[in-house]
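So the structure is just underneath, and the comments pick up after that.
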Amino acid sequence: MNDVVRKEDLLGKISVLIEQARKKVALTINQEMVILYWNIGKVIKEEVIKTDRAEYGKQIVQSLTAQLVPAYGRGYSKRNLWYMVQLYESCPILQSLLGEFEGLSWTHVITLLPVKDKLKQEFYALLCQREHWSSRILRERIGGMLYERTALSKLPEKTIEMQLKELKEKDKITPELVFRDPYVLDFLELTDTYSERDLEKAILNALEKFIVELGKDFYFVARQKRITLDNEDYYMDLVFYHRKLKCFVVIELKLDKFRAEHKGQMELYLRYLEKYEMEDGENPPLGIILCAQKGREQIELLLLPEDRIKVAEYLTKLPPKELFVEKLHKAIQVAQLKLAEGKSEIKKR
């Protein structure tokens, strides 16, 4: 029996070593490929610049493709060569490139290249590295406008830069990076008519996808968690734990629009968890009220952010992209205007 245990332990240790080595090899290969493609893009770009003729550039790339593909494979297609040029144009300093796309494959890199906003591109690159997204998930996140849906995108540019720097250098997570608005729950495939219990059940049936939408560090704790106060039972819809924020996160599901009494209910749950379930070293719990519609004025008057409570809308069907973009940009503008007004008030005082 001991021999069997020892063999299993030995196998486990060797397996860990093999997996670690494989990851290191994959990271090294990815980095070397990106450096190679950057250098190829640099050479092509410099050759084209010499002539200052766009048509000549097309001829160069066409000629190179015809010779490189038979010798080295389809990775040197015309389309890929132009991506290499675009990579060099996007990041002309090699050291900066290695810092930004560290550990990412070429497929990840070419998915990020069309994202022209540097802060947005850095956000996706960092999350991709940190949460080990496949290139398919990265495309979905960009297409679903994840960056625009985070609280981070609504902050001043300098604050965004600082939080991304701390995420990269210290792996520091802030609530602005974690919470989103709206949450896109189209994968639940709900019919037009459903109850809060249906919504909860659909989320639990698709829990893996729901956690991906929430973010990597959320861990499921309980559904319909019962607490008893003054001989009366209350039920928290969903309770998660966030590893990096080191706190419980309560999610309450509301089919209708946000109402003031939802705040009191959430406050009760957060105070209970803080008093009876919070351990030493943990932070006070946070709450998310997911509702079909939220009212900005009510949320401001109730001072919800100061009470560690976030109100977010959810979408069970993704609207046309144009409407989605417009809605998110308006939300960002309102948030930035609010920040500017707040700074103005402080100066007056």
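Cross-link pairs exceeding 21 Å in C-alpha to C-alpha distance, out of LYS154/LYS294; LYS120/LYS170; LYS216/LYS310; LYS154/LYS209, comprise LYS154/LYS209.
Take the Cα of LYS158, step 7 Å toward its Cβ, do the same at LYS246, and the gap between the two points is 2.9 nm. Here the calculated FRET efficiency for TYR276 and VAL25, from their Cβ-Cβ distance with R0 = 51 Å, stands at 0.60, rounded to the nearest 0.05. Short-range pairs are left out: with C-alpha atoms under 8 Å and at least six residues apart, the relative contact order of region 9-101 is 35 percent. Going from the fewest other Cβ atoms within 10 Å to the most, the residues GLU213, GLU131, GLU232 appear in the order GLU232, GLU131, GLU213. Across region 30-161, the mean sequence separation of Cα contacts (distance under 8 Å, 6 or more residues apart), normalised by length, yields a relative contact order of 24 percent.
Each Lys and Arg Cβ is given +1 and each Asp and Glu Cβ -1; about its Cα centre, region 132-272 then shows a dipole of about 620 debye.
At 10 °C and a viscosity of 1.306 mPa s, what translational diffusion coefficient does Stokes-Einstein give for region 26-118, taking Rh as the Kirkwood radius over Cα pairs? Give it in µm²/s as a whole number. Taking Rh from Cα pairs, D becomes 117 µm²/s.
Here, each number is a calculation from the coordinates, and none is a lab measurement. Model, not experiment: these values are computed from the prediction. Positions of Cβ are generated from backbone atoms using ideal geometry, with glycine treated the same way; all protein chains shown enter the neighbour counts.
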